[in-house]
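Worksheet for the structure shown next.
The values are calculated or read from the model by the stated rules, or taken from the named source; none is laboratory data. Model, not experiment: these values are computed from the prediction. Note that each Cβ is placed from the backbone with ideal geometry, even for glycine, and that neighbours are counted across all protein chains shown. Accessible surface areas use protein heavy atoms only, side chains included; no ligands, DNA or RNA. Shrake-Rupley method; radii C 1.70, N 1.55, O 1.52, S 1.80 Å.
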Amino acid sequence: MLRISQIRLRPGEPVRGLRGRIARMLKENESEIQNVKIVKESIDARNKMDLRFVYTADFDVKNPERILRKARKLHANVTPAPDNAYAAPLSGYEGTDRYDGPRPVVIGTGPCGMFAGLVLAEAGLKPLILERGKPVEERSRDVEHFWETGELDAGSNVQFGEGGAGTFSDGKLTTGISDPRIAKVNEEFVEAGASDTILYRHMPHIGTDVLREVVKRIRQKTESLGGTICFGRKVTGLRTGQGRLTGLELEDGSVLDCSCAVLAAGNSARDTFEMLYASGIGMIAKPFSAGVRIEHPQELINYAQYGEVNDSEGRLSAATYKLSFHCRDSGRGVYTFCMCPGGYVIAAASEAGGEVTNGMSRFARDGANANSALLVSVSPEDCVRETGEDHPLAGMIFQRQLERAAFELGGGSYYAPAETVGHFLGHPDTAPSVEPTYRPGVRWASVRDCLPSFITDSMEEALPQMARRLRGFDLDGAVMTAVETRSSSPVRILRDEDMQSVSLRGLYPCGEGAGYAGGIMSSAVDGIKAAEKIIEKLAEQK
Ligand SMILES: Cc1cc2nc3c(=O)[nH]c(=O)nc-3n(C[C@H](O)[C@H](O)[C@H](O)COP(=O)(O)OP(=O)(O)OC[C@H]3O[C@@H](n4cnc5c(N)ncnc54)[C@H](O)[C@@H]3O)c2cc1C
């Protein structure tokens, strides 16, 4: 196949015209161009008067050498299509039931654990996957109950349960990493029911409505390949001998013999962090961020990004944005994160007495509001100062402190403190321009009362500056909902180049909670890498 890039279509031009466009770019008959497959789609909105969709596509021709020579003369961007097929290392047990060695264990069914489990199952190694929460169907009911009533189930919520933290999300798959395993993750998601647009969109997303079905189907596939998934199984302790993992203690008092475990517990597993720290597992504090969710009318964001565009084909989806700013004096970074177009601000708590926000969207991204986290960088030194604790878990304690302050300010029933941007910036009579989407509800307050001044001062400085890049971002009636604390892990669990804990052989700390990923895609990729290491080790020992 060949690959051609820089095919530019107007929003009104149908995508089915791509084949003809490629033929014209190469001065060929349309019949010469076969099997056109879009591999990348992005929007060039730099000139709002002339907004374009930009495509890269693969296609077949009878004589690729001739077309490559011709493309060079025509200055068309055509290259041989790279082969991105993913291949895991071989265990020798693929597709068989023969493996009867110790079963590798995976702790957690978030993106990291889910993909580690799947790849181990594909290798025929019959992984045992332990998840503290519930299957997604039951979990969804618990989460809905919490959003309706404010009654939190600390064992089954937006952070804990099948699919991990990303299940109630926008399912954005954007990532800063570049890795051949990304193709594997995307293909598995599509096979499990995600839209195939995730294979080529510049900013792909699955949507929470689709994700709930996707994680269930990946579970079923893993089971069909010999994996076992056990829900309601929280790992509460480690058994060790001569620097090696020998077993896992479970909450029900049982002990599981285990010499190899992928630890993919996510960044909300605070009791697990505490257990690991008390067990002497090497870890350090790492920087993270904290702030609020900010909510605008989606129409305002669409107008700021697209202008008055003719979208007769209805191909433009709700617009997104990504903003960042460096505070002049403090040098602190302020940035928007996890933007959810047409989405909802959600209650994402997992601890009694602590209130947390996050965001999600359905695949259609058809809600009236846009939301995004507005975050300020927090260093390990900030955490020591704010908590008076000087150890690797100080960041976790600081997060908890903020969540408790927000809980109190919200009235103590998981209502979130919320404030208009105008009020926050000193215009007391500002009315909200959006209906806040956070459930069970918001309580109007000053978010300064639950966040330290180094965070609120930074947000105050950044808001008008960000509005210079995205008109209306500092809209007086935009709503800020506190607090957003779980955007990344406050610790890193140290591991060697083999991905094993520096303190304990056989324990593979992975994913976001261990401090090696930030988001669905990078967590999934980290999980696959750990599975590969385990497969390679086993193949060596054979
Ligand atoms: C509401 C929300 C929206 C988000 N939106 C996006 C988005 O659009 N795009 C994106 O890229 N990222 C998003 N994220 C972040 C993303 O979900 C995480 O980066 C990702 O899920 C991390 O994957 P993980 O597998 O490392 O950990 P997690 O997904 O946190 O999974 C950890 C799992 O381990 C289980 N567990 C924890 N402790 C134990 C234990 N002791 N024993 C057994 N099981 C245990 C937990 O129950 C959980 O299921 C969002 C997060 C949230 C909360």
Is there a residue in the stretch 249-258 that is open to solvent by 50 Å² or more (accessible area, probe 1.4 Å), in a loop (DSSP other than H, G, I, E, B), of a type in the set (Asp, Glu) and within 16 Å of the ligand (Cβ to nearest atom)?
yes
Selection from the stretch 497-542 of residues that are outside any loop (DSSP other than H, G, I, E, B) and within 8 Å of the ligand (Cβ to nearest atom)
ILE520, MET521, SER522, SER523, ALA524, ASP526, GLY527
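Residues checked against (1) among the acidic types (Asp, Glu); (2) open to solvent by 10 Å² or more (accessible area, probe 1.4 Å); (3) at pLDDT below 95:
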residue	(1), (2), (3)
SER156	no, no, no
GLY161	no, no, no
GLY166	no, yes, yes
SER195	no, yes, no
THR208	no, no, no
CYS230	no, yes, no
Among the residues listed as ASP457, ASP474, the single one being outside any strand (DSSP E or B), closer than 17 Å to SER377 by Cα and open to solvent by 10 Å² or more (accessible area, probe 1.4 Å)
ASP457
Exactly one condition in (1) within 12 Å of the ligand (Cβ to nearest atom); (2) closer than 21 Å to ARG103 by Cβ is not met by THR228; state its number.
(1)
Among strands (runs of 3 or more DSSP E) entirely within the stretch 297-399, at least 3 residues that are within 20 Å of SER169 (Cα to Cα) and not assigned by TED's automatic domain parsing to the domain that holds LEU494 occur in 333-340, 344-347, 357-360, 369-378
Pick from the stretch 137-192 the residues that are hydroxyl-bearing (Ser, Thr, Tyr) and within 9 Å of the ligand (Cβ to nearest atom): which of them is farthest from the chain's Cα centre (by Cα)?
SER156
